[in-house]
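Enquirer: Have a look at this one before I ask anything.
The values are calculated or read from the model by the stated rules, or taken from the named source; none is laboratory data. Here the structure is a predicted model, which is why all the values come from computation and not from measurement. As a convention, Cβ positions derive from the backbone with ideal geometry for all residues, glycine included, and neighbour counts pool all protein chains shown.
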Amino acid sequence: MRRSRIAGVGSYLPARIVTNAELAARMETSDDWIRQRTGIGQRHIAAEGETTSMLALKAAEAALAHAGLTAQDIDLIVLATATPDYTFPSTATQVQAALGITHGAAFDVAAVCSGFVYALTVADKFIASGSNKRALVIGAETFSRILDWEDRTTAVLFGDGAGAVVLEAVEGKGDASDTGVLTTHLRSDGRHRAKLYVDGGPSTTGTVGHLRMEGREVFKHAVGMITDVIVDAFAATGFSAETIDWFVPHQANQRIITASADKLGIPMEKVVLTVDRHGNTSAASIPLAFDAAVRDGRIQRGDVVLVEAMGGGFTWGSALFRF
Ligand code: UT7
């Protein structure tokens, strides 16, 4: 059975760090409130002129270097973002051009905070079908550009960054002992649009718009949706909270992560947390967290890793892979 293994991982964060204290000097909030409600201590913010494709390119180059591959080895780029450089062309094609790739295909996937799980799923299926050999899967965002900096209920939550993995075709036995992506589960329900959306777009207002969120409403749905798709991943593979090695959740809010881990019986020692340092970087959060835990030596080759995300749409999903 043809599978896709993660040949390399990389990430990039803009240089500028904005602390909670800095935000508290600009708006009516406090370090205490932000930490207690979200677990966030700081976030990275892109410099003026630093675009989503620039962040994505740096993450992609790091993932290629980690895999020991060159850009010419890649025949597919799937990039997840809700903050593209332009309405069109896709940010993926900007990255493709910057990498000097003129073969294969590159396109964006729009699933907001679930974008990386969606992009991973798409690329895995392209590879499993035999149509492509090596894919860059990228999550990259500059949410700072769509935040309403006058709205303290959303401005304190998000950050900028990018993460990427290289997926490569391998032959497996077709069972749960294989290396690579073992299962993926995607869901969406468009009835929830008004709870988390951007109030602009080319076909409505003709403007980019700002992020709007009913945080409490999103929170109410998050844990149930996340645990549903994780139960699906466990049922499809036979793995369980006890037998996975690592849980790398979307980093929106530490309380959501802790509640989901608790409900599933996943001990916090297996949970990778970066929300304290990165804030919510939407589609970039999972590959950023995964890369952090690979670089510091926690996640090793052969480890079984569970990822999940939930966000605007609503969209949600999970993936389980052996690294
Ligand atoms: O990644 C996509 C998915 N997004 C999420 O997962 C986000 C989900 N939601 C959340 O993480 C949480 O709902 C928030 C962190 C957004 C908010 O936490 P909460 O515990 O649900 O707080 P709340 O919205 O119920 O607000 C509590 C109070 C309110 O004041 P009153 O009405 O009790 O007087 C807010 O006005 O906190 C106030 N508040 C703030 N205070 C200081 C809201 N934002 C702030 C702030 N600083 N930045």
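Enquirer: May I ask you to list the residues in the stretch 169-179 that are surrounded by 13 or more Cβ atoms within 10 Å (Cβ to Cβ) and either among the charged types (D, E, K, R) or under 18 Å from the mean Cα position of the chain (by Cα) (or both)?
Expert: Asp178
Enquirer: Looking at (1) more than 19 Å from the chain's Cα centre (by Cα); (2) more than 13 Å from the ligand (Cβ to nearest atom); (3) more than 17 Å from Ile74 (Cα to Cα); (4) not charged (D, E, K, R), which is the one condition that is false for Tyr118?
Expert: Unmet for Tyr118, out of (1) more than 19 Å from the chain's Cα centre (by Cα); (2) more than 13 Å from the ligand (Cβ to nearest atom); (3) more than 17 Å from Ile74 (Cα to Cα); (4) not charged (D, E, K, R): (1).
Enquirer: Tell me, which strands (runs of 3 or more DSSP E) wholly within the stretch 1-72 include 1 or more residues that are within 16 Å of the ligand (Cβ to nearest atom) and in contact with a Gly (Cβ under 8 Å, 6 or more places away or on another chain)?
Expert: Correct list: 16-19, 42-45.
Enquirer: Pull up the stretch 73-93, narrow it to residues that are assigned to a helix (DSSP H, G or I) and either of a type in the set (A, V, I, L, M, F, W, C) or touching a residue at least 40 places away in the same chain (Cβ under 8 Å) (or both), then point me to the one that is surrounded by the fewest Cβ atoms within 10 Å (Cβ to Cβ).
Expert: Among them, the one singled out is Asp73.
Enquirer: Separate question: Based on what the data block shows, is Arg212 within 16 Å of the ligand (Cβ to nearest atom) and outside any helix (DSSP H, G or I)?
Expert: Criteria met by Arg212.
Enquirer: Moving on to the next point. Can you say whether Asp276 is more than 11 Å from the ligand (Cβ to nearest atom), more than 21 Å from the chain's Cα centre (by Cα), within 20 Å of Val156 (Cβ to Cβ) and outside the structural domain of Gly161 (by TED's automatic domain parsing), as far as the supplied structure shows?
Expert: Taking the combined requirement at face value, the residue does not satisfy it.
Enquirer: At positive phi and surrounded by fewer than 16 Cβ atoms within 10 Å (Cβ to Cβ): which single residue out of Gly68, Gly39 fits that description?
Expert: Only one candidate passes the filter, namely Gly68.
Enquirer: Kindly establish whether Thr102 is at pLDDT 95 or above, of a type in the set (S, T, N, Q) and within 15 Å of the chain's Cα centre (by Cα).
Expert: no
Enquirer: On to the next question. Scan Arg277, Arg301 and give me the residue that is among the basic types (Lys, Arg) and part of a loop (DSSP other than H, G, I, E, B).
Expert: Arg301
Enquirer: Something else now. Being outside any helix (DSSP H, G or I) and either touching a His at 6+ places or on another chain (Cβ under 8 Å) or surrounded by 19 or more Cβ atoms within 10 Å (Cβ to Cβ) (or both) is the filter here, so list the residues in the stretch 219-270 that pass it.
Expert: Hits for the stretch 219-270 are Phe239, Ile244, Trp246, Phe247, Val248, Pro249, His250, Gln251, Ala252, Asn253, Ile266.
Enquirer: Still on this structure, I have one more. So the check is Cβ under 6 Å with 6+ separation or different chains; which pairs have a first residue in the stretch 252-272 that's in contact (Cβ under 8 Å) with a residue 12 or more places away in the chain and small (Gly, Ala, Ser) and a second one that's within 15 Å of the ligand (Cβ to nearest atom) and assigned to a helix (DSSP H, G or I)?
Expert: Ala259/Val223; Ser260/Val223; Ser260/Ile226; Ser260/Thr227
Enquirer: Looking at Asp148, Asp189, Asp199 in this structure, which one is in the same structural domain as Ser114 (by TED's automatic domain parsing), in contact with a strand residue (DSSP E or B) (Cβ under 9 Å, 6 or more places away or on another chain), at pLDDT 95 or above and surrounded by fewer than 16 Cβ atoms within 10 Å (Cβ to Cβ)?
Expert: The match here is Asp148.
Enquirer: I'd like to check something: does the stretch 170-184 contain any residue that is over 28 Å from Leu76 (Cβ atoms) and either more than 16 Å from the ligand (Cβ to nearest atom) or part of a loop (DSSP other than H, G, I, E, B) (or both)?
Expert: No, every residue in the stretch 170-184 fails to be over 28 Å from Leu76 (Cβ atoms) and either more than 16 Å from the ligand (Cβ to nearest atom) or part of a loop (DSSP other than H, G, I, E, B) (or both).
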